[in-house]
Amino acid sequence: MRLRQPLAVTTYPSAERSEQPPVLLVHGFCSSARRAWLETGMVRALLDAGRTVLAPDLRGHGASPAPTSAEEVDAIASAQDLLAVVDAYDADRFDVVAYSLGARLVWELAELAPERIGRVLLGGLSPTEPFAAVDVAELRRAVHDEAAPSADPLIGMIAGMIRAEGARADGLVTCVEGLRSTPFAPKPWAGGTPPWFVVGVDDAMTHGTGELLPLAPGSQRVAMAGDHHGVLVNPFFRELAVRVLDH
């Protein structure tokens, strides 16, 4: 049996000893921990609040290894990757800030560790599976043949995002294949603390996220200025994260 390589993780320890659990940051598709969290100021905001931060790159992203099969990057395997990150840190309990694909995976992570997951902020979460309608063979062709774009606008958009990642492109197509095989069909939220949902007022991907609220009684939904990328760089997103995790 081939052993899975661990994810690449950057740990940012708090300046002073803290009794609060570490914060797991989970980025979205075609992103990385650096782009989503360090460059946007989220890491600095949490460190200033006295928190220790665990910032992994999802498999196929950033400095983490590329997947060799779709099974390595389906939703369940990806959630297990995240659980391994907090296990390696030896954290009995952890809080979470996650965005887009990261938020979808954290819903799965809560199933794996319901008694360990604490306060949670989920941004940019789509209530349905964005990759469900993607023809993976067509996507792979579109990624490698820019001169012959796909007639499907969704595939064309995703292919453009993936091509921009250069050498990581093949692994990212495999990520789509794995996620497509385990589409998001949310069960009731398994974590003990209801999550906060953050959506952008101009983010079409989050339309319908309110339908998830009954699955997480006591949860809160906050709308803020921005499209799918704009929310990540909105200072209010960072401020809200600090407040929610310190509540």
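Quick note: the coordinates plus some simple rules give every number you see, no bench work behind them. As the structure is a prediction and not an experimental result, all values here were calculated from the model. Neighbour counts are summed over all protein chains in view; Cβ atoms, including those assigned to glycine, are modelled from backbone coordinates with ideal geometry.
What the table below lists for this structure:
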{"item": "Cut-off 11 Å between beta-carbons: net charge of the residues surrounding Leu154, Lys and Arg +1, Asp and Glu -1", "result": "-3"}
{"item": "Degrees between helix 235-245 axis and first principal axis of the chain (Cα, 0 to 90, nearest 10)", "result": "50 degrees"}
{"item": "Added length on full extension, which subtracts the Cα-Cα distance from 0.36 nm per residue, Glu111 to Ser181", "result": "23.4 nm"}
{"item": "Dipole moment magnitude, nearest 20 debye, the chain about Cα centre, only Lys, Arg, Asp, Glu C-beta charged", "result": "340 debye"}
{"item": "Farthest toward positive dipole pole in the range 106-172 [+1 Lys/Arg, -1 Asp/Glu at C-beta], among Gly124, Gly171, Ser150", "result": "Gly124"}
{"item": "For the range 133-144, Karplus couplings with θ = phi - 60° (6.51, -1.76, 1.60), whole Hz, Gly/Pro x", "result": "9, 8, 7, 5, 4, 5, 4, 4, 5, 5, 5, 8"}
{"item": "Backbone N under 16 Å from the Ser18 label point (7 Å along Cα→Cβ), restricted to the range 218-247", "result": "238-247"}
{"item": "Sorted by Cβ density within 10 Å, fewest first, the residues Phe184, Phe236", "result": "Phe236, Phe184"}
{"item": "MRE, 222 nm, helices only [DSSP H, n ≥ 4, -39500 (n - 2.57), over the chain, to nearest 500]", "result": "-9500 deg cm²/dmol"}
{"item": "Nearest-ten-degree value, helix 169-181 long axis tilted from longest Cα axis of the chain", "result": "80 degrees"}
{"item": "Anisotropy class of the range 130-182 from Cα gyration tensor, a/c 1.5 cut", "result": "oblate"}
{"item": "Loop GluC sites (Glu not before Pro), the range 139-212 (other Cβ atoms within 10 Å of the site Cβ: 13 or fewer; DSSP)", "result": "Glu146"}
{"item": "Normalised per residue, the volume of the convex hull around the Cα set of the chain (Å³)", "result": "120 Å³"}
{"item": "Förster radius 22 Å - calculated FRET efficiency between His247 and Asp202, Cβ distance, rounded to 0.05", "result": "0.20"}
{"item": "Among Tyr99, Tyr12, Tyr89, residue whose mean-square fluctuation peaks in a GNM of the chain (springs only between Cα atoms under 10 Å)", "result": "Tyr89"}
{"item": "DSSP beta bridges in the chain [antiparallel fraction, %, rounded to 5]", "result": "15 percent"}
{"item": "Proximal charge balance of Asp95 [Cβ under 10 Å; K/R count +1, D/E count -1]", "result": "+2"}
